[in-house]
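Report on the following structure.
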Amino acid sequence: MTRLADWRQAGIIPPAPQTITRAAIAGVIALTATLSPASANGSFQFQMDDVSQATLDIASTEMVLYRTLDSWPEEMISLSIEVTAAPKEAGDEDFAYTLEPRFYTEWLDISLDKLVSRDAGALDGYRLSYPEEKMPGAPTQMPAAIYQFFHGGIETLSLALDHLGGGVYDLSATGTAEFDMVFDIQTQVRLSEFIVTRDDNENANDPEVEAEMNRLLDTSQVQTEWRNTGGDSRARYRYVATFPENPTQ
């Protein structure tokens, strides 16, 4: 199971859109989309194949930090960002389709020394320039992808996060992806959760996992809980810190 599939099973990020079927090159594109409630400001400029191009509103954003003990490489943490554009009808009566691109990071591992604090502002000032910067432990892996009809791996990416306060960040993500995709995302995203676990952790109340969370995060400012995401058949526990949506400080 890929890390993204594992996160989706854990309920960390939303399910992927339904499968898109595309007939021949000149055929009709059929799209069944699950709409997310509009919850974020900004814009998602998107172009594909020199044909589909639009400036779209943002439907939803999400950002999570995820640390797995006993994983390789050590002293790394995974940054999951997902931005989904609001759907927009395109084409004409003979060739109609829906533009609803989704940008997501699946393999974006960053060094723990990039975290600048032990609170919701830990990612302030984070920058990534790909492919100049390779992914630690997986130098041939792309850090992100765009989904529009199919998944296009990122070929170039300039990503910037600047903390505005209360866990809310200005996010800028621009670049190109496979299938001649070009994108420019300017929006805000909130760090909602900080997760520490082990691979296939079947037990809650693991003192080493809790100690790691306390090392990286001031848990006096957040709500923490052991969460079973595996269901009744097979327990899979994560230690989850949830940042308040409207912090008082």
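Of all residues in segment 231-242, exactly one satisfies the criterion of being part of a loop (DSSP other than H, G, I, E, B) and touching a residue at least 60 places away in the same chain (Cβ under 8 Å), namely R236.
Given segment 44-161, what strands (runs of 3 or more DSSP E) lie entirely inside it while holding 1 or more residues that are touching a His at 6+ places or on another chain (Cβ under 7 Å), touching a residue at least 24 places away in the same chain (Cβ under 8 Å) and within 27 Å of F243 (Cα to Cα)? Counting at least 1 such residues, we get 144-148. Beta carbons closer than 6 Å, at least 6 apart along the sequence or on distinct chains, pair a first residue in segment 192-220 that is closer than 18 Å to T242 by Cβ and touching a residue at least 24 places away in the same chain (Cβ under 8 Å) with a second that is in a helix (DSSP H, G or I) and of a type in the set (D, E, K, R) for V196/E212. Scanning segment 210-230 for residues that are of a type in the set (A, V, I, L, M, F, W, C) and either outside any loop (DSSP other than H, G, I, E, B) or closer than 19 Å to D113 by Cα (or both) turns up A211, M213, L216, L217, W226. Just one of the listed residues (L108, L115) is surrounded by 14 or more Cβ atoms within 10 Å (Cβ to Cβ), in contact with a helix residue (DSSP H, G or I) (Cβ under 9 Å, 6 or more places away or on another chain) and under 15 Å from Y66 (Cβ atoms), namely L115.
The condition of being within 18 Å of F183 (Cα to Cα), modelled with pLDDT of 90 or more, more than 19 Å from the chain's Cα centre (by Cα) and of a type in the set (G, A, S) holds for only one of A54, A90, that being A54. Picking from residues in segment 199-209 that are touching a Phe, Trp or Tyr at 6+ places or on another chain (Cβ under 6 Å) and either in a helix (DSSP H, G or I) or crowded, with 16+ Cβ neighbours inside 10 Å (or both), the one that is modelled with the lowest pLDDT is N201.
The values are calculated or read from the model by the stated rules, or taken from the named source; none is laboratory data. In this text the structure is predicted, and so the values were computed from the model without any measurement. Glycine gets a Cβ as well: all are built from the backbone with ideal geometry, and neighbour counts include every protein chain shown.
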